[in-house]
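The values are calculated or read from the model by the stated rules, or taken from the named source; none is laboratory data. Because the structure is a prediction, the values reported are computed rather than measured. Neighbour counts run over all protein chains shown; Cβ positions are idealised from the backbone, glycine included. The protein model used for the area step is the full one, side chains on, heavy atoms only, and it has no ligands, DNA or RNA in it. Shrake-Rupley method; radii C 1.70, N 1.55, O 1.52, S 1.80 Å.
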Amino acid sequence: MEPVKRLKRELVYKGTILNVYKDTVEANGHRAEWDFIHHDGAAAVVPVTEDGKILMVRQYRNALDCETLEIPAGKLDSPDERKYDCAYRELEEETGYHSDNLEYLLTVNTTIAFCDESIDIFVARDLKPTKQHLDEDEVINVEAWTVEDLKELIYSGKMTDGKTVAAIMTYAAKYGK
């Protein structure tokens, strides 16, 4: 079997958070067109309170047309921004808490079939209350949850956000929660 070879990449849409390309590839002697979406990357945080609860954000997600419960996260401000810095910023912007204690937890590639988005996820401890800094179009409510209750949401199919599921389950496995 021959390896797949990309012959051409054509930008078909340039958006505010992603670019969509049409790739022409050759696989097993056949040409095909594949969609490819480029995303500069993102960072997310599992904010752990002093009593061991996880701060979650509830917000409306247009793609699903409903509110979701997620860990705080956001895209890089520029392709060369460090993901650690992005996580640090997003924690305060979305939750109104600050931490000088961020620890790397894992990296998640969200949709590998057609998108290169990569999210580094960190654990934040020693949270200090500050103030949310939301964008004009953001409405985010912060809620404290136990790890066990979050796992029940995952097991029941009520929590389906990939980065959040991966983060909660990895956190629980790593720290015995």
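Sort through Arg61, Arg31 and tell me the only one that's basic (Lys, Arg), at pLDDT below 95 and either open to solvent by 50 Å² or more (accessible area, probe 1.4 Å) or in contact with a Pro (Cβ under 9 Å, 6 or more places away or on another chain) (or both).
Arg61
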Report task. Keeping to segment 148-177, report how many residues are open to solvent by 70 Å² or more (accessible area, probe 1.4 Å) and closer than 10 Å to Glu70 by Cα. Result -> 1
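Got a number for residues in segment 64-85 being open to solvent by 50 Å² or more (accessible area, probe 1.4 Å), more than 15 Å from the chain's Cα centre (by Cα) and either over 16 Å from Ala43 (Cβ atoms) or in contact (Cβ under 8 Å) with a residue 24 or more places away in the chain (or both)? So that I can check it myself, show each step before the final result.
First pass over segment 64-85, keeping only residues open to solvent by 50 Å² or more (accessible area, probe 1.4 Å): 64-67, 75, 77, 79-80, 82, 84-85.
Those left that are additionally more than 15 Å from the chain's Cα centre (by Cα): 64-67, 79-80.
Pick out the ones that are also either over 16 Å from Ala43 (Cβ atoms) or in contact (Cβ under 8 Å) with a residue 24 or more places away in the chain (or both) and you get 64-67, 79.
So the answer is 5.
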Report task. Residue by residue through segment 1-44, note down the ones that are over 30 Å from Tyr84 (Cα atoms), without any contact (Cβ under 8 Å) to a residue 24 or more places away in the chain and outside any strand (DSSP E or B). Result -> Pro3, Val4
Requested in this report: Evaluate segment 107-124: report whether one residue or more is farther than 14 Å from Val57 by Cβ, small (Gly, Ala, Ser), surrounded by 15 or more Cβ atoms within 10 Å (Cβ to Cβ) and in contact with a Ser or Thr (Cβ under 7 Å, 6 or more places away or on another chain).
Outcome: yes
Query - Residue within segment 90-105 that is at pLDDT below 95 and in contact with a Lys or Arg (Cβ under 6 Å, 6 or more places away or on another chain) present - result: yes
